[in-house]
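The values are calculated or read from the model by the stated rules, or taken from the named source; none is laboratory data. The structure presented is a predicted model; accordingly, all values stated were derived computationally and were not measured. All Cβ positions, glycine included, derive from the backbone under ideal geometry; neighbour counts span all protein chains shown. Note: areas computed on protein heavy atoms with side chains; ligands, DNA, RNA excluded. Shrake-Rupley method; radii C 1.70, N 1.55, O 1.52, S 1.80 Å.
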Amino acid sequence: MRLKDKVAIITGSSTTGIGYAVAKSYVNEGAKVVICGSKEEDTLNAKKRMETECPNADFLAIKVDVTKIEDVENLFKKTYEKWGKIDILVNNAGIAPAKPIENMSDSDFELVMNINAFGTFRCTREAIKYMKENGGSIINTGSIVGIYGSPHQAAYTASKAAINGLTKSNAKELGKYKIRVNTIAPGVVMTDMVKDNCDDTTIQRLNMMTPLGRGATTEDLVGMYIHLASDESVFTTGTIINIDGGLVM
């Protein structure tokens, strides 16, 4: 088991998307895991799902709104109280509403930035307190649009570009503490969030543009999340890793 006895926090892991798939894969690799969601109902449902699918899992399910510093502080405090350390942080909480920029209000833009970019910043800042002594791995969920852009996604694109910048700056700053910081940048992943924001025509067009001929499943991504959380990647930091089926190269 590549993550045996490591303690991992995964934000945005309460629904059937990337975060929950990563949490489940970490449990199967021997990690102790914290599932996080911004809604109480989703968090409770994820708890029940994990108990059913992985009955031997050692995990917590905690409601966390990453826009609230008190929630973030409570998340790390409870995790440390439970297991006495924190080895891995996956910054996965995010939203991706699509809207033409001419119709986008300040509050629309601010909400996306507050969750996606500031949420990553807040959780990273808090994680440092618990990782400084023994090191750790911080893995951010980015997107290929953070480099290449996308119409109707000005706020989402800006937030993911900000995460790329945070990744590189934090990798340089935190390396002295043996804290590694990397970003996984998926292409099209067939999650509920994508299905809610892309019509069938758009998805078909993206599939045709992808050399591997389809969008990713969450299971296609978890191997890299495991690798970056494990000691296999002990000398990898500051990287932006595209997992997009060759959509952008």
**Fill in**
Within region 87-126, residues surrounded by 24 or more Cβ atoms within 10 Å (Cβ to Cβ) and under 22 Å from residue 234 (Cα atoms) come out as 88, 89, 90, 91, 92, 120, 123
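Are there helices (runs of 4 or more DSSP H) fully within region 57-174 with at least 3 residues that are without any contact (Cβ under 8 Å) to a residue 60 or more places away in the chain and farther than 22 Å from residue 15 by Cβ? List them.
Correct list: 69-83, 106-112, 119-131, 154-174.
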**Filter result for residue 3 (outside any helix (DSSP H, G or I) and either in contact (Cβ under 8 Å) with a residue 24 or more places away in the chain or touching a strand residue (DSSP E or B) at 6+ places or on another chain (Cβ under 9 Å) (or both))** = yes
**Asked** Exactly one of (1) open to solvent by less than 60 Å² (accessible area, probe 1.4 Å); (2) at pLDDT below 90; (3) of a type in the set (Ser, Thr, Tyr) is unmet by residue 201. Its number?
**Response** (1)
**Request:** Quick one: count up the residues across region 181-195 that are β-branched (Val, Ile, Thr) and modelled with pLDDT of 95 or more.
**Result:** 3
**Prompt:** If you go through region 220-249 one residue at a time, how many are touching an Asp or Glu at 6+ places or on another chain (Cβ under 9 Å) and of a type in the set (Val, Ile, Thr)?
**Reply:** 2
**Fill in**
If we ask which residues in region 29-53 are open to solvent by 10 Å² or more (accessible area, probe 1.4 Å) and either touching a residue at least 12 places away in the same chain (Cβ under 8 Å) or under 11 Å from residue 88 (Cβ atoms) (or both), their number turns out to be 12
**Asked** Out of (1) open to solvent by less than 60 Å² (accessible area, probe 1.4 Å); (2) in contact with a His (Cβ under 7 Å, 6 or more places away or on another chain), what's the single condition that is false for residue 139?
**Response** (2)
**Request:** Examine region 68-82 for a residue that is over 27 Å from residue 112 (Cβ atoms), among the acidic types (Asp, Glu) and either open to solvent by less than 30 Å² (accessible area, probe 1.4 Å) or in contact with a Lys or Arg (Cβ under 6 Å, 6 or more places away or on another chain) (or both), and state whether such a residue exists.
**Result:** no
**Request:** Please determine, by comparing only the residues of region 15-28 that are open to solvent by less than 10 Å² (accessible area, probe 1.4 Å) and not hydrophobic (A, V, I, L, M, F, W, C), which one is farthest from residue 190 (Cα to Cα).
**Result:** 26
